Structures are given as structure tokens and as C-alpha cells.
1. Tell me the residue from H445, H468 that is under 17 Å from R397 (Cβ atoms) and either crowded, with 23+ Cβ neighbours inside 10 Å or touching a Gly at 6+ places or on another chain (Cβ under 6 Å) (or both), please.
2. Before we move on, is S292 polar (S, T, N, Q), more than 19 Å from L197 (Cβ to Cβ) and in the same structural domain as Y131 (by TED's automatic domain parsing)?
3. Name, by its number, the condition in (1) over 22 Å from R124 (Cβ atoms); (2) away from the ligand (no atom under 16 Å from the Cβ); (3) in a helix (DSSP H, G or I) that does not hold for I363.
4. Condition first: modelled with pLDDT of 95 or more, surrounded by fewer than 24 Cβ atoms within 10 Å (Cβ to Cβ) and in a loop (DSSP other than H, G, I, E, B). Can you find one or more residues in the stretch 144-155 that meet it?
5. Have a look at I411, I430 and point out the one that is within 29 Å of the chain's Cα centre (by Cα) and not assigned by TED's automatic domain parsing to the domain that holds N188.
6. Considering V185, V163, which residue is modelled with pLDDT of 95 or more, within 16 Å of the ligand (Cβ to nearest atom) and closer than 22 Å to V239 by Cα?
7. Going by what's in this entry, would S282 be described as within 23 Å of L174 (Cα to Cα) and of a type outside the set (F, W, Y)?
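The values are calculated or read from the model by the stated rules, or taken from the named source; none is laboratory data. Remember, predicted model here, so these are calculated numbers, not experimental data. All Cβ positions, even for glycine, are placed from backbone atoms using ideal geometry, and neighbour counts span all protein chains on display.
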Amino acid sequence: MNVLQEIIPNVKNMKQLQYLVLARRASQIKEELRQRVRKPFKEVIDVSWGDPHKAGVKPLSFVQQVLAACLYPQLVNSDRLPVDVRQRAQSLLKGCDGGSVGSYTATRGISEIVHRVSEFITRRDGGAPSYPENIFISPGSQWALGNILNILVNSEASHRTGVLTPVPCYSISLMSIRGLGAVTVPYNLNEEQGWELQVEELHRALESAKGVCNPVALYVINPGNPTGYVQSRKSIQEVIQFVSEKRLFLLADEVYQDCVHGEHSEFVSYKRVLAEMGPPLSDTVELASFHSASKGFMGECGLRGGYVELVNLDLAVMKYIYKLFSTDACAPVLGQFALDLMMKPPQPGDPSYPLYSVETQHIRTTLVHNVKRVLEVVNNLPGFCCQPVKGVFAFPRLHLPPKAIQKAKEIGMQPDAFYCMRLLAEAGVIVSPGCDYGQKQGTHHIRFYIMTSEDTMEEVLRRLSSFHTQFMKDFS
Ligand SMILES: Cc1ncc(COP(=O)(O)O)c(C=O)c1O
């Protein structure tokens, strides 16, 4: 028997993403463009990822300067860089063995940076204490989620482990859960109520798992991906109450916490609300909260720096988690540095502050502008309906004509994946199909990233509008 067959069942559990089919087609189209094949567009625009730099957002100068000096320490003595940049690089390098970014670090991350993360959390959460020994820095937050799932999923139990997951849900998290052999137990977010998480739905979902699997955890994404929904304090309190009653571990994916905008929306962390609720909840609910340097205004996805903070875990379990993280040696040092810069950006009075402030403000105003434009344009296209957007993704519902649905069926595609494929081939825009995130049966959506440059977003909307109008005509 082939050795590899041993792992096939869990890997099979991981559904093939339609996005991957689109990505393959996009590579062919790019190649055709290179070979000067005539198309109605000159380049492909990819807004299918939550990746600001890919979407045309300029990286922050402060981050690039500090990282440059860390990689090439001679720059620490160069007066071409602002003095606070040089000081920061020097202090970051001090935390590295041999003063070099090329050396391994401690398993949970460079000690000074772990402390910086815990100070950030305490500040963010209005003084609720955070302890460095509860924090693990990882190569991106997804990696940390994988490690925590690893301890939650019991692959030897007679009943498979279940994790309650939102519908729709960030597809890679679904893959991580299923890839470990666990079952995802879907709970629907209410689209008509702006993708609200309703606690009655959590009760229904948990009930539906009876006899199917053994649910041990609830996974929430706040602010939401793909929905862009932001939970209120009250909603978070209800979720905490629910997990406490049902004895579930709480996995809070909070990587989009810096990108909340719009009236009456404010990010409040699960950790903060839990602390505010006081004992016995604050001493008993087990929580893992994830954050990342990939998101926010910094958007350093490729550097791979994230962290998890663990709350109320048993000491014996913490030791086991430490062991698990130690098998990865450590997170990339530049990713750890990016996290450090995100935790403590330039402050008023620092030489780098004016430029940092201008650059981040520009990204913020562009995001607000893009949201307004997306809602104006998309909600005026027949067949589209987009709920208010409070984060960095738009996830409009697409009411496809029956003929388009029939055509998709004939060629063995999901209807919204078919729409996305045509959008790519005819307009050169890559967005991702709702079917990849799970969605209520019979509904279709597309997801696209809106933290782009203004020009990119205008071009996306222009191409989407003219493609959509023609598509609806063709299939009416
Ligand atoms: C909800 C959510 N969680 C986690 C991640 C992964 O982030 P990281 O790059 O830190 O692994 C993403 C990336 O898009 C995401 O959307």
C-alpha cells in the first residue's frame, strides 16, 4: 500500500475551492496578454484576496525603512533614514541572537516583541490585563489557528470533533478545520439584518450536531470575512454567555480589527468583553484570540507575522501548546518585526510620525470613499444587493437569471463561480465566488476586497458594471 494513502481521508475532506480554478484561468489569461493576444482589457485586476499591497495600496514608509535597516544594519548609521527609524531598527536587532534577522528566535517569539504585543492588548482593551506567557507569535494568524485546532480536535474519538462555523466563512479556516478531520457545524449569519450573528441560530446549529459529532468549539470572525459585519458589544456578550453555558472553546478571529469604519461601528475585542463581564465568566471561558500583521493598514501579508492570545487555559494544556509551537522553531523574524511595528507605530512627536500619519490617513479615507462608491454602483446594478459594509470586503448578493443558473449547471459549475469565470474572461477582474465561503442554499454572492487604491476600485467598478449589464442581457 502506498504510504501517502494514509493521509488521504482528511485531505479529501478539504473541498476544492472554485477560486483555484479561477486562479489557473487567470494565469493563462496573463500569459496570453504577455503574448499580445487581443483582449478587451490590458491587465488583470485581482481583488479576490484580502491583500492591500496586491490591490495597489502603497506599503507604509516607516515599515519599509525599519525593515530595510534591519536587513542591512549599515543603514542604522546612515543619516538618510529618520533617527527614530534607526533607533527602532537598532533596538529590534538587539533582540536577535547575533544581532541578525537570520537567527532563530524563542518559540513564542522575540521576548521584547511578545511583551509589546501584550502591552498593545492591554491598551486596546481599556486596561484588562494581558500576560506575555499567554501569547504565541506565529507565521501568520492562520498558522496559530491551525495549532490551536490541533489540540481541540480528537482524531481518535469515536465521535468526530465538531466546530461551529459561520455561514458564510473565510474558506481557509474551513479547510483547516476539515483538514484535521473535524466536522464544521454551520450557523447562518442573517444577511437581511446586515449579516448579524444571532444567538438563537447558534442554539439551532448546536442542536443540529446531535448524533453527528461532538462540538467542542465555536469559531467567530469579527470583523467578518467575507461579510464585513462588525459585532456589537451586546452580541459578543451573548456569544460568551452561549459558549459558557454549552462549554465550548471560543476561537475569535479578529484579524480585521483595525479596519472598522462607518457610523455606530466600533471594534470591541472578545477578550475585553469577557474581562468586563467579570467572574465567573471572565475566569472560566476559554478563549483564543487571533490577530495579524497581514491585515490593517500595514497589510504585510507576505512577511507572515501573527499571534494568538490564550485566556483561561489549563497550565497542562499551555505546556502542550508550547510543544506544538516549538515544532515550527519560530515565526519569521521579519514577520515578528512587522508585528512589533504594528503594535507600536510612530507616535506624535517622532520624526516619522507626520509621514506615517499622512499615509495611514490616506488609506483610511480611500477605504471610506471606496465603500461609498461600491454601495452606490453595485446597489444600482439590477440583480445585485449589497448589505452595508463596515470592514474591508464587499459581499453582495447576486440574483442570477434562471438561464445563467441552467448554463452553469450544464458545464458543472456553481452559478456564482460561473459568473466569476465570465467576469475574469471578459473583463479581466478576479473576484471570488460565494460558493467558496458556504452560503444559504439557493443564494449566490461574490466577494471582493475594497481596501484598494481609488483608481483600482474605480476601474473594478467600471469593468464590473459593463460586464454585468451585458451578462444580464445575455441570459435574460
Ligand atoms: C478571517 C481571516 N483570518 C485569518 C486570515 C489569515 O491571516 P494571516 O495572514 O495572519 O495568516 C485571513 C486572511 O485573509 C482572514 O481573512
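1. On the way: H468 fails: either crowded, with 23+ Cβ neighbours inside 10 Å or touching a Gly at 6+ places or on another chain (Cβ under 6 Å) (or both).
Checking each option against the conditions leaves just H445.
2. Details: polar (S, T, N, Q): yes; more than 19 Å from L197 (Cβ to Cβ): yes; in the same structural domain as Y131 (by TED's automatic domain parsing): yes.
Spelling it out, S292 is indeed polar (S, T, N, Q), more than 19 Å from L197 (Cβ to Cβ) and in the same structural domain as Y131 (by TED's automatic domain parsing).
3. Failing condition for I363: (1).
4. No - not one qualifying residue is present in the stretch 144-155.
5. Values: I411 fails: within 29 Å of the chain's Cα centre (by Cα).
When all the criteria are applied, what remains is I430.
6. Numbers: V185 fails: within 16 Å of the ligand (Cβ to nearest atom).
Among V185, V163, only V163 is modelled with pLDDT of 95 or more, within 16 Å of the ligand (Cβ to nearest atom) and closer than 22 Å to V239 by Cα.
7. Values: within 23 Å of L174 (Cα to Cα): no; of a type outside the set (F, W, Y): yes.
Answer is no for this residue.
A quick yes/no check of all residues on (1) within 16 Å of the ligand (Cβ to nearest atom); (2) assigned by TED's automatic domain parsing to the domain that holds E276; (3) more than 18 Å from I321 (Cβ to Cβ):
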residue: Q74; (1), (2), (3): no, no, yes
residue: P82; (1), (2), (3): no, no, yes
residue: V85; (1), (2), (3): no, no, yes
residue: A89; (1), (2), (3): no, no, yes
residue: K94; (1), (2), (3): no, no, yes
residue: I135; (1), (2), (3): yes, yes, no
residue: W143; (1), (2), (3): yes, yes, no
residue: E156; (1), (2), (3): no, yes, yes
